[in-house]
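Quick notes on the structure that follows.
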Amino acid sequence: MSQRLAFVAVLLGAVLWGTTGTAQTFMPQTVHPLAVGASRLAVGGFALLIIMLILRKINFRNWPWKATLLAALAMAIFQYCFFTSIRLTGIAIGTVVAIGSAPMFSGVIEWLILKRRPTKVWLTATSLAVVGCVLLFSNKEGLVVNPVGVTLSLCAGLLFAFYTLFNKEVLEKADAIPSVAVIFSLSAIMLMPFLFIFETEGLLTFPGISTTIYLGIAATSVAYILFSTGLRLIPSSSAVTLSLAEPLTAAILSVLVVGERLDLISWSGIALLLGGILVLTLSGRKEKAALS
């Protein structure tokens, strides 16, 4: 795969993530957010794990367990923070703050831990995208700005940045599909006890089952396979910036499907978000020099 296609793969994965908040609105509201996250990871992770085990694509003896466990832990906690923030502050704001903050966290983490200074292309693209997120966040008509929800969204952004960093380390020693299968299966196991603690009434109804299957297969397995495939060839900070296609998709779907309203300023933010994503995607060759 060329580096340009790697950027496109990450972008397509982010678009699928962007459907998560809207899909959750079809889940019975009696189901606790952590139960939603656990069931999503269980469907997506276990299904892939079974297939990989049957095909004998996983070499557990030489597996990078430390990075895998850290990635799984980050993803497990991310589920709680993200889905709870969506419930508290709405799809658009919850998604925008979570994923909009992730590029800044990712850039700082790479700079401090990997000693990799941000490139001009990344700085330009991220600046456009973050300003776009701020403008999109400024819309309050029809939305609820909940301080706890926003705080949880920021925590989700930090966790996503750490997940990306640890996942990239796993991908240095394992293929994308087995990596997704193992990481998400471990995350599901970590969250499984909460299915017996929190409310799950409605999870086994038709809306609950169908939404869980969609979240597990499309918005988890397929999306993270695309993301991980591209992540092998591009810096984690660039991948996280491209993931800003998620709030872009979520905002548009929140208007078209859920009925949330965005004003002119927010649509300007969407335009800047798209501009930042295009700058990074179309400048894929320039990012090659940033890889180590």
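The values are calculated or read from the model by the stated rules, or taken from the named source; none is laboratory data. Keep in mind the model is a prediction, meaning the values are calculated, not measured. Neighbour counts run over all protein chains shown; Cβ positions are idealised from the backbone, glycine included. Surface accessibility is based on the protein's heavy atoms, side chains included, excluding ligands, DNA and RNA. Shrake-Rupley method; radii C 1.70, N 1.55, O 1.52, S 1.80 Å.
Does region 203-251 hold any residues that are β-branched (Val, Ile, Thr) and either under 19 Å from Ile86 (Cβ atoms) or not in a loop (DSSP other than H, G, I, E, B) (or both), and which are they? Give the derivation first.
Taking region 203-251 as the starting set, the residues that turn out to be β-branched (Val, Ile, Thr) are 205, 209, 211-213, 217, 220, 222, 225, 229, 234, 240-241, 249.
Correct list: Ile209, Thr211, Thr212, Ile213, Ile217, Thr220, Val222, Ile225, Thr229, Val240, Thr241, Thr249.
List pairs: first residue in region 155-168 and closer than 19 Å to Pro64 by Cα and hydroxyl-bearing (Ser, Thr, Tyr), second residue at pLDDT below 90 and open to solvent by 20 Å² or more (accessible area, probe 1.4 Å) anywhere in the structure, Cβ distance under 8 angstrom, at least six positions apart or on different chains.
Every condition considered, no pair remains.
Tell me which of these Leu191 doesn't satisfy, since it passes every other one: (1) within 17 Å of the chain's Cα centre (by Cα); (2) modelled with pLDDT of 80 or more.
(1)
Could you say whether any residue in region 284-292 is within 25 Å of Ile113 (Cα to Cα), open to solvent by 20 Å² or more (accessible area, probe 1.4 Å), of a type in the set (S, T, N, Q) and at pLDDT below 80?
Yes: region 284-292 contains one or more residues that are within 25 Å of Ile113 (Cα to Cα), open to solvent by 20 Å² or more (accessible area, probe 1.4 Å), of a type in the set (S, T, N, Q) and at pLDDT below 80.
Being open to solvent by less than 30 Å² (accessible area, probe 1.4 Å) and either part of a loop (DSSP other than H, G, I, E, B) or not β-branched (Val, Ile, Thr) (or both) is the filter here; which residues of region 168-202 pass it? Before the answer, list the steps.
Looking only at region 168-202, we keep the residues that are open to solvent by less than 30 Å² (accessible area, probe 1.4 Å), and these are 170-171, 174, 176, 178-185, 187-188, 191, 202.
Leu171, Ala174, Ala176, Pro178, Ser179, Ala181, Phe184, Ser185, Ser187, Ala188, Leu191, Gly202, listed by residue number.
Being of a type in the set (Phe, Trp, Tyr) and closer than 19 Å to Val257 by Cα is the filter here, so list the residues in region 70-114 that pass it. Step through it out loud before you land on a result.
Narrowing region 70-114 to residues of a type in the set (Phe, Trp, Tyr): 78, 80, 82-83, 105, 111.
Across region 70-114, the qualifying residue is only Phe83.
Identify all residues within region 23-53 that are among the β-branched types (Val, Ile, Thr) and surrounded by fewer than 22 Cβ atoms within 10 Å (Cβ to Cβ); write none if there are none. Step through it out loud before you land on a result.
Taking region 23-53 and keeping what is among the β-branched types (Val, Ile, Thr), we get 25, 30-31, 36, 43, 50-51.
Selection gives Thr25, Thr30, Val43, Ile50, Ile51.
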